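Asker: Below you'll find the structure I mean.
The values are calculated or read from the model by the stated rules, or taken from the named source; none is laboratory data. The structure displayed is predicted, hence computed values, not measured ones. Please note: Cβ atoms are built from the backbone with ideal geometry, for glycine as well, and neighbour counts cover all protein chains shown.
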Number of protein chains: 2
Amino acid sequence: MQRQHIVTFIGTRTVNVPTGTLLTEAAALAGQEITQPCGGQGRCGRCAVFIKTGQVRHRSTQRLTAADVAAGYALACQAVIESNISVVVPEQEKVERRLTTDLTAAEVTLPPGYEPAQSQTLQYLRLDLPPPNMDDQTDDWSRVQLALRHHTGQQVFNAPLAVLRKLGPALREGDWRITILLETETWDRPADLATVLDILPGHLPEDTPIWGAAIDIGTTTVTVWLVDLHTGQVVAQAAEYNGQIVRGEDVISRIIYAGKSDGGAELKTLVLETVNALLHTVCKRASTTPDRVFKVALAGNSTMMHLLLQIPAESIRLSPFITGMNHPPTLTAHEVGLDIVPHATVDCLPGVASYVGADISAGVLATELYTTEPVTLFMDVGTNGETVLGNQDWLVTCACSAGPAFEGAGVLHGMRATNGAIEEVWIHHTTYEPTCRVIGGKAPRGFCGSGLISLLAEMFLTGLLDKSGNIKLDLPTSRVRTGLHGPEYVVAWGDETATGEDIVITHVDIDNLLRAKAAIYAGYAVLAESVGVSLDMVEQVMIGGAFGQYINVEKAVQIGLLPDLPWEQFHFLGNTSVRGAYHALIDRDARRHLKAIADRMTYIELSADNRFYEAFTSALFLPHTDLSRFPTVQAEMV
Amino acid sequence: MQRQHIVTFIGTRTVNVPTGTLLTEAAALAGQEITQPCGGQGRCGRCAVFIKTGQVRHRSTQRLTAADVAAGYALACQAVIESNISVVVPEQEKVERRLTTDLTAAEVTLPPGYEPAQSQTLQYLRLDLPPPNMDDQTDDWSRVQLALRHHTGQQVFNAPLAVLRKLGPALREGDWRITILLETETWDRPADLATVLDILPGHLPEDTPIWGAAIDIGTTTVTVWLVDLHTGQVVAQAAEYNGQIVRGEDVISRIIYAGKSDGGAELKTLVLETVNALLHTVCKRASTTPDRVFKVALAGNSTMMHLLLQIPAESIRLSPFITGMNHPPTLTAHEVGLDIVPHATVDCLPGVASYVGADISAGVLATELYTTEPVTLFMDVGTNGETVLGNQDWLVTCACSAGPAFEGAGVLHGMRATNGAIEEVWIHHTTYEPTCRVIGGKAPRGFCGSGLISLLAEMFLTGLLDKSGNIKLDLPTSRVRTGLHGPEYVVAWGDETATGEDIVITHVDIDNLLRAKAAIYAGYAVLAESVGVSLDMVEQVMIGGAFGQYINVEKAVQIGLLPDLPWEQFHFLGNTSVRGAYHALIDRDARRHLKAIADRMTYIELSADNRFYEAFTSALFLPHTDLSRFPTVQAEMV
């Protein structure tokens, strides 16, 4: 028989496990939460725990120092249990809130010329039916279909059994006056077959809302807009961190986690919990309930869509990088697991490729890039660095695997944009003393993305960094020094910080940030090159994504992340993905456009493109090898 | 606080109930099975129990004698609990088996000229796909759709999420060779949208079966045929009593039961248990499993269809007798509750009216009545007495509420056609001594329908009955006498019977039987009259239904139940309902024909037709008031 060991999570529970069990598995068994931002690959170091008694075998100590290991620390995802142990799980980094519902509901404007009655495909029909008698024994369902044919001109109607069951009682309770909720078409079921979604006795008032939801599943944040389809108006909004974060912060970690046994089911459940909680929240705000939500439009990157639908995602991360599907057929809420009307239709927006998903198609729709004349660059400045270049005549797109450095990962004191994050830094030109703005206004705990961009730009312009990103150690300030990880610059001394430790940026951090910004720059540079356009022909830059909203354009240009254009040409649009989903929800034409957009976008696979590596290498400098590409930065450097 | 009483079901359980509870409700609470063939209306008397201690209040004792009540018997459905009691539940009449799978699977012949590849709408497609590479990053689902378009010419494909989840793994496991199960059309979703029902790695052998099921939900019996759609052959058959029988033997009792709280849900569950058990049985016989059954065609009378789908059926029994729907739209197995592939399509066959259901449309299809030249009478001799008269040019139909007398109900010693039922009787012309044939060959317990027809005919021809159905008490035999219920004839003395009691037929029984046969005769007489056809113009009579198979034509003509035609013009076809469902399952043309049949059939509502009451009154004699209508019987009477 296999040996069993007792694992005690101090303060919570004790479990028995066979020898060889991973500490994370034992924790799951004990119901002890342990954050695994990298998905249990031993890469992030955030699952470190203290082994109080007993010993574990370390599969990897990559993210621990020798001193840590000697002191008894272990990475839970890499710790193999081979004896009885007791474990202290430090308080995990709590997910704090700086979630933006980037607009108030009232600020979301309807598309120009939008006519709900023409554009949307759900409608209440108020029918007055002749009652049956001995000379007219027409059955209830045929009687309703006759009236529907007369009202709509459509010929064939179907209905889920759950709705059919309501028909007879509704007719008799309403004395042959009923209200029918009809969906006249869906994405893959054109107008010749309409579906009865609901049947109610009597005539509902003319202004009765028809509830639908536009949903964006971001890797970090899930956003839900509740929409009255009768008017097209957004009535409530809510956003929340994607519950999958505890199983990986980036898409690759999540795909790996999903590949483990039950990992896919767990990730699906986690994100569904987030989505369903948000649906309840928005419904509550609108004084309704999710069981009155009859349609959903869903956007998100390709990985998020696969994980939500629990479609195997492994092929997304392995060459040649293939999705299970870029455009799922119309599904039902019941199939997907959404806690709304079970037969509500769920339209997943179409994506283009493994790393250019429905969120980007949605963005192109929402920004109207596909109908503009000026050459426009649309970027989602995030882990995947999705970029679209084009106008009404052509669209090219790529993803440049920028990595999560700008989201705080891969940076020693990086963190998400929550309380305690340094979001902007100014450095004095002669003393090299920094001034910081911290989210929440309290003592700092680390840097978020906008803080890192700002810090990098300031360090470069003040001469703390050379153009290759090296920290100049010979400057007259104690803030530059050589630490455990090599050269570093101290932004906050321990006595000013929330942790009591110095907050520093290291040479390794800077290297990671340079690689991220170079990847993004190289992405749009190759797009431009591939269509024979030079970057100064770009007439406007549209930046989507929650992160995009906090970027200081000037600083981002200074480090060579954004192209050197007058800053009035930059537009920050917030969550363009949910906005695109919203358009698809309320407008059949928008759905047609989306399909055309996804079909039209030419995807450039950068990982197979030598031009990308050349452009990337040239961009690994501040702001760029070729200073002529950044004339305004060059002017400031003098 | 309401008073509570202790109810002890001796030998099983004890429960506490509030005062005023019905004994059947207390039994349900205790998990004590009590048969209620009339649905708890106090009409059938089969739920009689013995109150050993304590007393109940009798709402009705209609079916008990004063002696029964004095001895402590009570109808459980009519007994109101007002004190502590203990109850003995007699062993309930066990449902015994004389179920006919009327043909062996091998005897079911394919429709003439039937070509499975042309006619049926499910097919396996074996695809060889080019693998993706860095120059062809088409997503899996688009890749499959491209190939499907090429193979089928159809443009739009969808798939349930459960199937989409299998796509990526199947493609890779099969090394880009897969087999797709495609449904190219359904009843209400014509050929422009095909559904992928299954995806399997590799190429399945060419002769792989595609399993479907044809199901008939009879009031008494449920029949399931398992069909290989690839060949169209029936591979296994099974039949079983409808589990709803314990809650009412006829449709009216069931509708009333369904109207009670939770009654509808219970009846649905009961019939689903029967159907699902049969599906398992037939699959086992064919060495497969229900999770490989991808399509179902369902027939049954209108009430059975409503109760299966749990659609409110109350309006069926109340004037003006309206069904919720004669033709449900295409449903899924999951919605219906069938234990097969959840997204399998369920085609319910179309019916015509409350009492002319899909079983009759199916019968017209299966008998080919709608394409024959001779004027044909099609009858389902049962409770509802559904009748169709017509040919290729016209079809009229009615239901005549014959009542359940021929099924043994409303007859003192009536019973179903199970072991112990007298199924044929011969009476000596001078001694009036009977000879009986008993199902199972043992001591008799009562009469089944065919036995009653036979008995009635013999009693009439031997002079035991006059033409009004009166028993002649002055004949020289001790077998005619006046009993508790009036005049009666003793068919078996107590010492020959299984119960030890005399088996008799009473004047009341004969009256009920005359009413039933008169209703059936009047039904087809009115149909003929309504189209200006006289009954001797009828060239053939087709009799469907399990009961029909056991009728002795000669005797049935002698009592005036069937029209007086040469007996080679009668055809007994067994279960024409399941046969029609089978055709609908395997043949898209048959589905089109069925729709046309249901639309074409002119329904004559007899309850509003004075001609019916006249015809009924004239038929309340043996064989009929107008003897010229039964010339061969007249000849025998001389």
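Asker: For region B:367-385, name all the residues that are in contact with a helix residue (DSSP H, G or I) (Cβ under 7 Å, 6 or more places away or on another chain), at pLDDT 95 or above and in a loop (DSSP other than H, G, I, E, B).
Answerer: Matches in region B:367-385: B:Val375 only.
Asker: For B:Ile210, are the conditions met, namely being touching a His at 6+ places or on another chain (Cβ under 7 Å) and either closer than 30 Å to A:Ile322 by Cα or buried (at least 20 other Cβ atoms within 10 Å of the Cβ) (or both)?
Answerer: Against the criterion (touching a His at 6+ places or on another chain (Cβ under 7 Å) and either closer than 30 Å to A:Ile322 by Cα or buried (at least 20 other Cβ atoms within 10 Å of the Cβ) (or both)), B:Ile210 qualifies.
Asker: Please enumerate the residues belonging to region A:284-307 that are in a strand (DSSP E or B) and either within 14 Å of chain B (Cβ to nearest Cβ) or crowded, with 22+ Cβ neighbours inside 10 Å (or both).
Answerer: Passing the criteria: A:Val293, A:Lys295, A:Val296, A:Ala297, A:Leu298, A:Ala299, A:Gly300.
Asker: Quick one: in region B:321-334, of everything that is over 21 Å from the mean Cα position of the chain (by Cα) and in contact (Cβ under 8 Å) with a residue 40 or more places away in the chain, which residue is nearest to the other protein chains (Cβ to nearest Cβ)?
Answerer: Only one residue tops the list, namely B:Pro329.
Asker: Could you please find all residues in region B:446-463 being surrounded by fewer than 23 Cβ atoms within 10 Å (Cβ to Cβ) and not in a helix (DSSP H, G or I)?
Answerer: Residues satisfying the conditions are B:Thr462, B:Gly463.
Asker: If we only count strands (runs of 3 or more DSSP E) wholly inside region A:163-239, which ones have 1 or more residues that are within 24 Å of the chain's Cα centre (by Cα) and in the same structural domain as A:Gly300 (by TED's automatic domain parsing)?
Answerer: A:211-217, A:221-228
Asker: A follow-up question, please. Collect the residues in region B:308-318 that are more than 7 Å from chain A (Cβ to nearest Cβ) and assigned to a loop (DSSP other than H, G, I, E, B), keeping them in residue-number order.
Answerer: B:Ala313, B:Leu318
Asker: While we're here: Inside region A:534-638, counting only helices (runs of 4 or more DSSP H) that do not spill past its ends, which hold 1 or more residues that are touching a residue at least 60 places away in the same chain (Cβ under 8 Å), closer than 30 Å to A:Ile471 by Cα and not assigned by TED's automatic domain parsing to the domain that holds A:Gly390?
Answerer: A:631-637
Asker: Return the only residue of A:Ala239, A:Ala194 being buried (at least 18 other Cβ atoms within 10 Å of the Cβ), modelled with pLDDT under 95, in contact with a strand residue (DSSP E or B) (Cβ under 6 Å, 6 or more places away or on another chain) and within 14 Å of another protein chain (Cβ to nearest Cβ).
Answerer: Every option except A:Ala194 fails the conditions.
Asker: Within region B:156-178, take every residue that is within 10 Å of chain A (Cβ to nearest Cβ) and of a type outside the set (A, V, I, L, M) and give me the one that is nearest to A:Ala353 (Cα to Cα).
Answerer: B:Gly168
Asker: Looking at region A:240-265 only, could you name the residues that are part of a strand (DSSP E or B) and not charged (D, E, K, R)?
Answerer: Selection gives A:Tyr241 alone.
Asker: If you don't mind, another one. Among the residues of region A:128-155, count how many are in contact with a helix residue (DSSP H, G or I) (Cβ under 9 Å, 6 or more places away or on another chain) and away from chain B (no Cβ under 13 Å).
Answerer: Number of matching residues: 1.
Asker: If I ask for residues that are surrounded by fewer than 21 Cβ atoms within 10 Å (Cβ to Cβ) and more than 14 Å from chain A (Cβ to nearest Cβ), which ones from region B:594-608 would you list?
Answerer: B:Ala596, B:Arg600
Asker: Is it fair to say B:His280 is of a type outside the set (Ser, Thr, Tyr), at the interface with chain A (Cβ under 9 Å from one of its Cβ atoms) and more than 19 Å from the chain's Cα centre (by Cα)?
Answerer: no
Asker: Only one residue in A:Gly337, A:Gly357 is outside the structural domain of A:Gly545 (by TED's automatic domain parsing) and surrounded by fewer than 24 Cβ atoms within 10 Å (Cβ to Cβ), so which one is that?
Answerer: Matching residue, one of A:Gly337, A:Gly357: A:Gly337.
Asker: Residues that are in a loop (DSSP other than H, G, I, E, B), within 18 Å of the chain's Cα centre (by Cα), within 8 Å of chain B (Cβ to nearest Cβ) and under 17 Å from A:Tyr603 (Cβ atoms): does region A:335-350 have at least one?
Answerer: no
Asker: Considering only region B:477-492, state which residues are more than 24 Å from B:Leu620 (Cα to Cα), of a type outside the set (Lys, Arg) and surrounded by 14 or more Cβ atoms within 10 Å (Cβ to Cβ).
Answerer: Listed by number, the residues that qualify are B:Thr477, B:Ala492.
Asker: Answer with yes or no whether A:Ala362 is touching a helix residue (DSSP H, G or I) at 6+ places or on another chain (Cβ under 9 Å), under 21 Å from A:Ala516 (Cβ atoms) and of a type in the set (A, V, I, L, M, F, W, C).
Answerer: no
Asker: Tell me, please, whether a residue that is within 14 Å of chain B (Cβ to nearest Cβ), modelled with pLDDT under 95 and surrounded by fewer than 21 Cβ atoms within 10 Å (Cβ to Cβ) can be found in region A:609-631.
Answerer: Taking every residue of region A:609-631 in turn, at least one turns out to be within 14 Å of chain B (Cβ to nearest Cβ), modelled with pLDDT under 95 and surrounded by fewer than 21 Cβ atoms within 10 Å (Cβ to Cβ).
Asker: Take B:Ile505 and decide whether it is over 14 Å from B:Met379 (Cα atoms) and not in a loop (DSSP other than H, G, I, E, B).
Answerer: Yes, satisfied.
Asker: Taking A:Val388 as the residue in question, decide whether it is among the β-branched types (Val, Ile, Thr), in a strand (DSSP E or B) and under 21 Å from A:Leu514 (Cα atoms).
Answerer: No: the conditions fail for A:Val388.
Asker: With the checklist (1) among the polar types (S, T, N, Q); (2) within 14 Å of chain A (Cβ to nearest Cβ); (3) surrounded by fewer than 24 Cβ atoms within 10 Å (Cβ to Cβ) in hand, flag the one item B:Asn419 doesn't pass.
Answerer: Looking at each condition in turn, B:Asn419 falls short on (2).
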